[in-house]
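This report concerns only the one structure given below.
The values are calculated or read from the model by the stated rules, or taken from the named source; none is laboratory data. Keep in mind it's a predicted model, so treat the numbers as computed, not measured. Virtual Cβ from ideal backbone geometry, glycine too; neighbours counted across all protein chains shown. Each accessible area value is taken on the protein alone, full model and side chains, heavy atoms only, with ligands, DNA and RNA left out. Shrake-Rupley method; radii C 1.70, N 1.55, O 1.52, S 1.80 Å.
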There are 2 protein chains.
Amino acid sequence: MKIYDKIVDLGKRRGIMYPSFEIYGGLSGFVDYGPIGSRIKQNIEDLLRRHYIVSDGCFEVQCPTVSPEDIWIASGHVGSFSDLLVECEKCGEAFRADKLLDEINIASEGKPPEQVKALMDENNIICPKCKGTFCDPYEYDLMFSTSVGTGAKKKTAYLRPETAQTTYLAFKRYWEYARKRLPFGVMQIGHSFRNEISPKQGMIRLREFNQAEIQYFLDPRDKSAPNLADFDRKVTIQDRQDIVHEDVSIVNAVETGMIKIPFLAYQLAKAMKVFEDMGIYGTRLRLRQHRDDEKAFYSSDTWDVEYESEAFGKIELVGISDRGEYDLGRHNEHSGSDMRVSFEGEKFIPHVIEVAYGVDRPFYCVLESCYRQEEDRSLFSFPTSVAPFRAAVFSLVKKSGIKEKAEDVFNKLKDQGVFVIVDHAGSIGKRYARADEIGIPVCVTCDYDTLSEGTVTIRDRDSKEQKRISVDELIDEIRG
Amino acid sequence: MKIYDKIVDLGKRRGIMYPSFEIYGGLSGFVDYGPIGSRIKQNIEDLLRRHYIVSDGCFEVQCPTVSPEDIWIASGHVGSFSDLLVECEKCGEAFRADKLLDEINIASEGKPPEQVKALMDENNIICPKCKGTFCDPYEYDLMFSTSVGTGAKKKTAYLRPETAQTTYLAFKRYWEYARKRLPFGVMQIGHSFRNEISPKQGMIRLREFNQAEIQYFLDPRDKSAPNLADFDRKVTIQDRQDIVHEDVSIVNAVETGMIKIPFLAYQLAKAMKVFEDMGIYGTRLRLRQHRDDEKAFYSSDTWDVEYESEAFGKIELVGISDRGEYDLGRHNEHSGSDMRVSFEGEKFIPHVIEVAYGVDRPFYCVLESCYRQEEDRSLFSFPTSVAPFRAAVFSLVKKSGIKEKAEDVFNKLKDQGVFVIVDHAGSIGKRYARADEIGIPVCVTCDYDTLSEGTVTIRDRDSKEQKRISVDELIDEIRG
């Protein structure tokens, strides 16, 4: 079985994640996080908070997902955030025109509908499903639309396609909160929505997905990164000409001009650290600079951290971009609200360097990176901070008060506020296997000696090594 | 200034919460959580997780907010989750018909459109805004609608008006996860949406709001609550006849039949404890049983925990209801998926007791309950677990290395993974005042003795008492 199929199987069987709305036949692009998956996802989000809010002092905000049209007109999403579709006149199925042309190696991205139609006609492209003919290509809005209110006050609204724009709106409030000093970062973790035409890549392309985007607001005169050296490391870099450089130090990449903006380089280095802390293999990660023809026109430089997935090939896990004054400038213009600040002798619109994490993709990549198939077992070698439970507590046998003792140890651990489970069913071997399969780092077994001496056996998930410690030591160790 | 105005003012000024989309003129029923508010909201959600996931062993799941029509047809929301509106033929403004009639003391709730129209006509009700005449009453769907996909696969979808239904769908997966044993609880924390016609009560009635709903799946033969006595307390109860009983023990209320279902009584008692842990005054809470004419027909018993708000009067903070087999039964019928389980010799559809918390309302009530206006300061006396930061670190003066020492203490605290801030600006008195205003429980001041002796002054927010401790002791104390 391929690793992807193993993960999908475990996902369903062990309550990690599974398709949404299954009993109603499902709807592609939507996923449920189950009891185990919710814990892992929560841990990934908390890890991002520890790195960006606690350590870096970013502010966290939470804005609505339903948001009025004005915002998306200002941001440029209305009218341009769309795919060109063709619909079969016979079976009604819709397809992305560029994907159909791509299959016969014709590039059409960014071409206007008439040219795309001409290319479709020239190449006799028909419906791959029923061989029917296609209608003319039309623009298909990737934003989910809805409306708020009724009567005279009815307003068109969209489900946000990204958290970022909703973060920008209250910039002047953050400016006050930051006591009128730059730089500062504002993070938002939450749902975003894209009405993809027919998403088929599981958690890699969802219609409702989770993001963790950080907007750093900077003085355009100062994009330095005093702490860059602390995060330096050797990485693989694919530059804007698609040339691959192996084993480059990030500090060195800045010195040689390969990465022009130190603050952006710092964010790339930090993101590498974040992914490694999640349990994603560093060796499968690389930095990729956007080519000039794919980069947004307002961005002076854009980079992705990519992961080489066994199942999906290269996946973008975070995009880091210097967006200049574009976003605040657009809202300044469209809202009429002054987004300029006075700082150190100048009045200007702050620049933004955006760090745009997905959450679902890293979630999947953590599973893929941490999955191990050994001779007699399968396991997830999650770092402790990501594992769904900190420990599993077992009773060797249910009799002689050992079950009660195990419950007592379990309760003591719970009282520390940590996520733990207790399991009394089946052989100890089977219970180890069940715990390994969902990546619990430590199993704790209570036996006769627990009753007489107050000690337990703890067994390490990865090494399978066992040792005997007292219940008090256990609690200290679990508290960390 | 009234307490509500103080909170709204602090909310904006200190980054707690403020109206969304302000720069585009706002849109009622939407709120942003700012840097301080996000921390408090996160803490409230974590406190719910500690009580229900860690302590009670509930499972947490996360389901999409966009969900296909089928679900909401099955649940009964499509067609019935609506208000009867009238629209002014002159100015276009829409109003809830029942509210207009209510103002002249005519009850119309639940009456069909023709009868409501007759009542409106009889009483010559015209537009309160422009004196125009109204169109006929029409059903206004409270669910936000959208659609997913295009072409032959286009599907009507709704933004969920509650998390509960999306939780039910994967019941059979939870049943497997729970190893086919009852009871178990499944919690979901997330956004829900109601397209209220003109919400005017700030955070009490939002169009996009946060919920934390727990569905307990039970064997209909066993709704006992072995731990009820541990949570017993004296409460005020308003029964289904609207009779108020003061100072009733919950155990006693079960014994006398005032609360018929022990498991439901246990959940009411637990919710009281949860709210007190959040910092909401127990004396302002009471239990209210739904009257027979307001209770859903399928519910055998429904209760609210209500808070007496200075600004809004009585507010429902959590609704706890025995919903019987209604929800799983509906999905069983509509999806064709068998929701029955075989357990202890019987095959049945499990019953559900739902514990439906709002998050935004408790958030507001925590602010209201914890707000203190003293002679020389205002403060929020948040419990430590709810406070936005665990501590604020100050330097007495910036010179002589004291600022660096304070940064060092700050970094040591951050390394524990706790949310702390550092502040070097203004007099110590002003810094205390700023910290009090956002409810930081402890202020830590570094001075000359910190350099020479390694001690700091810690000052308690509520008592203003100061004491001198070592940096090591401080770290131990903050770690908790």
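For chain A, the longest principal axis of the C-alpha atoms and the axis of helix A:326-335 are separated by about 70°.
Considering only the other residues whose Cβ falls under 13 Å of the Cβ of residue A:220, what net charge follows from Lys and Arg at +1 and Asp and Glu at -1? Mind dumping the intermediate values first?
On the way: positive: A:221, A:223, A:323, A:340, A:347; negative: A:219, A:222, A:322, A:325, A:344, A:346.
Overall, the nearby charge balance is -1.
Inter-part distance, segment B:346-386 to segment B:192-213, computed on C-alpha centroids, equals 16 Å. Taking packing as the residue-averaged number of other Cβ atoms within 10 angstrom, the listed peptides B:181-194, A:123-136 run from highest to lowest as B:181-194, A:123-136.
Under 5 Å from the amide H of residue B:341 lie the amide H atoms of B:348, B:349, each residue being 5 or more positions distant or on a separate chain, with H modelled from the backbone and absent for Pro and chain starts. Output the Kirkwood hydrodynamic radius of segment A:232-376, Cα pairs only, in Å rounded to one decimal. Computed over Cα pairs of segment A:232-376, the Kirkwood hydrodynamic radius comes out at 16.8 Å.
Residue by residue, segment B:183-195 carries 3J(HN,Hα) couplings of x, 8, x, 10, 10, 9, 10, x, 7, 9, 9, 9, 7 Hz when phi is fed to the Karplus relation 6.51 cos²θ - 1.76 cosθ + 1.60 (θ = phi - 60°); x denotes Gly or Pro. Heavy-atom accessible area buried between chains A and B is around 7000 Å² (1.4 Å probe, both sides summed).
Per residue of peptide A:162-174, the mean number of Cβ atoms on other chains within 10 Å of the residue Cβ is 3. Every Cα-Cα pair of segment B:185-249 was included, and the share exceeding 17 Å stands at 70 percent. The angle between the Cα long axis of helix B:262-278 and the main principal axis of chain B comes to about 40°, on a 0 to 90 degree scale. Full extension of the chain between residue B:316 and residue B:407 gives 28.4 nm of extra length, using 0.36 nm per residue less the Cα-Cα distance.
Could you tell me the calculated FRET efficiency between residue B:452 and residue A:105, based on Cβ-Cβ distance and R0 = 51 angstrom, to the nearest 0.05?
Values: r = 75 Å, r/R0 = 1.47.
The pair residue B:452/residue A:105 has a calculated efficiency of 0.10.
Quick one: with all protein chains in place, what share of the accessible area of the protein assembly as shown is carbon or sulfur, to the nearest percent (1.4 Å probe)?
Summing carbon and sulfur atoms, their accessible area is 46 percent of the total for the protein assembly as shown.
Annotation for segment B:58-90 versus segment A:435-480: alpha-carbon center distance of 48 Å. Each copy carries residue B:153; placing its label point 7 Å along the C-beta direction from Cα gives inter-copy distances of 3.9 nm, listed from smallest up. Any idea how far the Cα center of segment A:253-320 sits from the one of segment B:305-320, in Å? A separation of 49 Å, based on Cα centres.
Entry note, chain B: relative contact order of 13 percent, from Cα contacts under 8 Å with a spacing of 6+ residues.
Projected onto planes of every orientation and averaged, the convex hull of the alpha-carbon atoms in segment B:122-222 covers 12.6 nm².
Provide, for q = 0.16, 0.22 Å⁻¹, the log10 of I(q)/I(0) from a solvent-free Debye sum over equal Cα point scatterers in segment A:1-138. Log10 of I(q)/I(0), two decimals: -1.05, -1.14. Restricting the calculation to alpha carbons of the protein assembly as shown gives Rg and Dmax of 29.0, 85 angstrom.
Label sites at residue B:346 and residue B:133, each approximated as a point 7 angstrom past Cα along Cα to Cβ, lie 6.0 nm apart. Considered as an equivalent ellipsoid built on the Cα gyration tensor, segment B:329-469 has semi-axes of 50, 19, 12 Å, the largest given first.
Taken over segment A:1-125, lysine pairs spaced eight or more positions apart, or on distinct chains, with alpha carbons under 16 Å apart number 4.
Taking beta carbons within 10 Å but only from partner chains, what does the mean come to for residues B:65-74?
Working: counts 7, 13, 6, 7, 1, 5, 4, 0, 1, 2.
Whole-number average of other-chain Cβ neighbours for B:65-74 is 5.
Annotation: extensible slack from residue B:433 through residue B:333 equals 30.0 nm (criterion: 0.36 nm per residue apart, minus Cα-Cα distance). Coupling constants for segment B:144-156 follow from the phi torsions by the Karplus curve (6.51 cos²θ - 1.76 cosθ + 1.60, θ = phi - 60°), and in residue order they are 6, 10, 8, 9, 10, x, 8, x, 4, 9, 4, 10, 5 Hz; glycine and proline get x.
The amide H of residue B:245, built 1.01 Å from its N in the peptide plane, has B:237, B:238, B:239 as neighbours under 5 Å, considering only residues 5 or more places off or on other chains. Modelled spin-label separation between residue B:153 and residue B:176, with each label point placed 7 Å from Cα along the Cα-to-Cβ direction: 2.4 nm.
Taking Cα atoms only, the orientation of helix B:3-13 departs from the longest principal axis of chain B by about 70 degrees. Among B:4, A:432, the order of accessible area from largest down is B:4, A:432, computed with a 1.4 Å probe on protein heavy atoms.
Could you provide, to the nearest whole Å², the per residue accessible area of segment A:352-480 with probe 1.4 Å? Spell out each step's value before the answer.
Working: 5100 Å² over 129 residues.
That works out to 40 Å² for each residue.
Taken over the C-alpha atoms, segment B:305-387 has Rg and Dmax values of 21.0, 68 angstrom. Taking a straight line from the alpha carbon of residue B:467, these lysines sit under 30 Å away, with near neighbours fewer than eight places off in the same chain left out: B:398, B:399, B:403, B:405, B:412, B:414, B:430. Share of pairwise Cα-Cα distances greater than 29 Å in chain A is 59 percent (whole percent).
How many Cβ atoms of partner chains, on average, are near each residue of B:34-43 if near means within 10 Å of its Cβ? Display every interim value, and only then the final one.
Working: counts 10, 12, 3, 3, 9, 4, 0, 2, 7, 0.
The mean count of partner-chain Cβ atoms within 10 Å per residue comes to 5.
A point 7 Å from Cα along Cα→Cβ stands in for residue A:26, and the other copies hold the same point at 4.6 nm, listed in rising order.
Working from Cα pairs under 8 Å separated by at least six residues, relative contact order for segment A:1-156 is 17 percent.
Phi angles across segment B:449-465 convert, under the Karplus curve 6.51 cos²θ - 1.76 cosθ + 1.60 with θ = phi - 60°, into 3J(HN,Hα) values of 5, 4, 5, 8, 10, x, 10, 10, 9, 10, 10, 7, 4, 6, 8, 6, 6 Hz, Gly and Pro given as x.
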